[in-house]
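What follows is a single structure, written as structure tokens, with notes after it.
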Amino acid sequence: MDMPAPAETVLTNARLVLDGEVVEGSVRFRGAEFTDVSGPSAHGEDMGGDLLIPGLIELHTDNLERHIQPRPRVDWPHDAAILAHDGELASVGITTVFDAMRVGSVPNEHGGYEPYARGLASELMALRRAGALRISHFLHLRAEVCSATLAEELEAFGPEDRVGIVSLMDHTPGQRQFRDMSKLKAYVQGKRNMTEAQWLEHVANLKALREAHGEKHEAATVAAARQFGAVLASHDDTTEDHVATSAGYGIRLAEFPTTEEAARACHAHGIAVMMGAPNLIRGGSHSGNVAAEALANAGLLDIVSSDYVPSALLTACFRLARLWDDLPRAVATVTATPARATGLADRGRIAPGLKADLLRVSLLGETPVIRAVWSHGRRVA
């Protein structure tokens, strides 16, 4: 996102959500950066007492894939899909996104899938260079260990691709996210129209792939993250042993641990725990795993991701604020903490010298309503 921002903007009569506190005051930004945070001012655009919070930072969203393939076997024009995805995220207050793209494919199998990430990433970066995107985009490569082609697909990326996160994914049936095979069966058969015989063949094939390639794929993923300068994340850790393995790889971010046992082990190893906003809002996981609210109540929730519903990120933030009776703490789960977890020291808080990513939010009852969004100092929604 390289389009120019106005020379200077002053917003006043606002409630600013800062580190650990909410204060009445004003904020000033010039170009793409905050220049001043101060008390009430007689000058500037009147915010009418609304909240100003940092722009939301999304670490794991499948939303781009939904735009690329809005229906099974429908391949939507990619430039149009990327722009629609970018605009949707801006409209719900997300100003930095790590776009999740799967690497590691299962060709020539019923319900299998082909490589796509390299081409899509190139199209996304071309739009970014053209100044067509409203918000900041980085890549999150979801490295599927249980696949046939992971190592080769990773080799197609390099440090120039803005790869910020590489996550170790292992969707081998019968463990991690899908320990409950009945839930996996319902999900896969519903999505791919499989017969019983095809389902059994699918499970056997995935288990064989994991047996044949799992260890070398894990090693290739760890090496690739190091080469890209990306944060290495785990996915669906379930046991203390899983977490110990993650810690051994140098992982400092855990996506969606499936049990409280795993979340506690993550904290013991200094690994930040990220959970899905839909889980928090719905009151539980669609896969039958640990509830995000249970981890929040136990002090084990650090970061929230919108996962498959972009608008859920802000809603979940305010749900946490009520749960904890602490708005700054809740806001940090979708701003400062994900920024810190991914090494983005230039954003995630309202402070001089940081990127002017900002949301104006009012409340309609308990529902947050976005009134305006600025990305790098430019109004984008």
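With respect to the conditions (1) part of a strand (DSSP E or B); (2) open to solvent by 30 Å² or more (accessible area, probe 1.4 Å); (3) more than 30 Å from A132 (Cα to Cα), A42 lacks only one, and its number is (1).
A316 passes every criterion in (1) assigned to a strand (DSSP E or B); (2) in contact with a strand residue (DSSP E or B) (Cβ under 6 Å, 6 or more places away or on another chain) apart from (1).
S287 passes every criterion in (1) modelled with pLDDT under 95; (2) open to solvent by 20 Å² or more (accessible area, probe 1.4 Å) apart from (2). For beta carbons closer than 7 Å, sequence separation of 6+ or different chains, a first residue in the range 220-243 that is farther than 10 Å from V163 by Cα and a second that is hydroxyl-bearing (S, T, Y) and open to solvent by 10 Å² or more (accessible area, probe 1.4 Å), the qualifying pairs are V222/Y249; L232/Y249; T238/T259. When the range 266-292 is filtered for residues that are in a helix (DSSP H, G or I) and either under 17 Å from E58 (Cα atoms) or of a type in the set (D, E, K, R) (or both), the ones remaining, listed by number, are A277, P278, N279, L280, I281, R282, A292. Taking each residue of the range 268-283 that is closer than 13 Å to D307 by Cα and looking for partners that are surrounded by fewer than 16 Cβ atoms within 10 Å (Cβ to Cβ) and among the aliphatic types (A, V, I, L, M) with beta-carbon atoms closer than 6 Å, six or more apart or interchain, yields nothing. All of G276, G299 fail the test of being surrounded by fewer than 18 Cβ atoms within 10 Å (Cβ to Cβ) and closer than 18 Å to A341 by Cα, apart from G299.
Considering the conditions (1) under 23 Å from R378 (Cβ atoms); (2) in a loop (DSSP other than H, G, I, E, B), P115 is excluded by exactly one of them, (1). Residues of the range 128-152 that are in a helix (DSSP H, G or I), in contact with an Asp or Glu (Cβ under 8 Å, 6 or more places away or on another chain) and either farther than 25 Å from S305 by Cα or open to solvent by 20 Å² or more (accessible area, probe 1.4 Å) (or both): R128, R129.
Just to be sure, is E155 modelled with pLDDT of 95 or more, under 20 Å from Y113 (Cα atoms) and exposed (fewer than 14 other Cβ atoms within 10 Å of the Cβ)? Spelling it out, E155 is indeed modelled with pLDDT of 95 or more, under 20 Å from Y113 (Cα atoms) and exposed (fewer than 14 other Cβ atoms within 10 Å of the Cβ). For A321, the test of being touching a Gly at 6+ places or on another chain (Cβ under 8 Å) and open to solvent by 10 Å² or more (accessible area, probe 1.4 Å) is failed.
The values are calculated or read from the model by the stated rules, or taken from the named source; none is laboratory data. All values derive from a computational prediction rather than experimental measurement. Here Cβ is always computed from backbone atoms with ideal geometry, including for glycine, and neighbour counts include all displayed protein chains. Accessible surface areas use protein heavy atoms only, side chains included; no ligands, DNA or RNA. Shrake-Rupley method; radii C 1.70, N 1.55, O 1.52, S 1.80 Å.
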